[in-house]
1. Looking only at the stretch 36-70, count how many residues are surrounded by fewer than 19 Cβ atoms within 10 Å (Cβ to Cβ), under 15 Å from residue 20 (Cβ atoms) and within 15 Å of the chain's Cα centre (by Cα).
2. Filtering the stretch 10-34 down to residues that are farther than 21 Å from residue 49 by Cα and not in a strand (DSSP E or B), which residue is nearest to the chain's Cα centre (by Cα)?
3. Say we look at the stretch 90-128 and pick out the residues that are at pLDDT 85 or above and part of a helix (DSSP H, G or I); which of these is nearest to residue 10 (Cα to Cα)?
4. Here is a list of conditions, (1) touching a helix residue (DSSP H, G or I) at 6+ places or on another chain (Cβ under 6 Å); (2) of a type in the set (Ser, Thr, Tyr); (3) touching a residue at least 60 places away in the same chain (Cβ under 8 Å), and residue 94 meets all of them except one; can you say which number that is?
5. So the check is Cβ under 9 Å with 6+ separation or different chains; which pairs have a first residue in the stretch 1-25 that's within 14 Å of residue 100 (Cβ to Cβ) and a second one that's charged (D, E, K, R) and assigned to a loop (DSSP other than H, G, I, E, B)?
6. Pairs please, first residue from the stretch 98-126 and among the aliphatic types (A, V, I, L, M), second anywhere and in a loop (DSSP other than H, G, I, E, B) and modelled with pLDDT of 70 or more, Cβ atoms under 6 Å, 6+ apart in sequence or on different chains.
Amino acid sequence: MGLVYASVTVATPSAGPCHLDMLVDSGAAFSLLPRRIWQALGLHAQRTLEFILADGIRISRQVSECRFVYEGTEAWSPVILGEEGDEALLGAVTLETLGLVLNPFDRSLHPMRASLAALESLSETLCV
């Protein structure tokens with residue numbers, strides 16, 4: 001399977017917009033912005049999380065949030081504040097908030113087919 005990139009715009013209320021190509025990584029939970037991008041947006045850490053890399057190494061990274069825009073659809077999403085050498089990644093949480101899924105066969109992003117199921121008996125039990 002080849003690599004998939006998406007042209008994305010990121011912005012904040014106080015700074016905006018930055019356009020960049022992001023590697024789509026549906027195996028990563030959060031998106032990651034390179035240092036030069038998140039600094040240009042004026043992002044500041046809201047929390048620190050621990051991540052486990054593919055080789056098992058644990059690292060701590062700061063996390064903030066910003067607005068992502070892809071082909072006219074926009075949504076706020078958490079974002080890892082990258083360090084020197086980190087590449088821009090578009091992760092699963094951002095894909096879901098944008099309502100997108102990755103088609104691995106043709107390496108493209110498509111709107112997800114959202115479904116909503118109601119379980120009346122369960123909701124009645126939980127809301128008593």
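1. 2
2. Taking the candidates together, the pick is 12.
3. Ranking the qualifying residues of the stretch 90-128, first place goes to 94.
4. All conditions are met except number (1).
5. 4/25; 4/107; 6/71; 7/71; 22/87; 24/107
6. Close Cβ pairs (under 6 Å, with a partner that is in a loop (DSSP other than H, G, I, E, B) and modelled with pLDDT of 70 or more) amount to 101/112; 102/26; 112/99.
The values are calculated or read from the model by the stated rules, or taken from the named source; none is laboratory data. Bear in mind that the values here come from a model prediction, so they are computed numbers and not experimental data. As a convention, Cβ positions derive from the backbone with ideal geometry for all residues, glycine included, and neighbour counts pool all protein chains shown.
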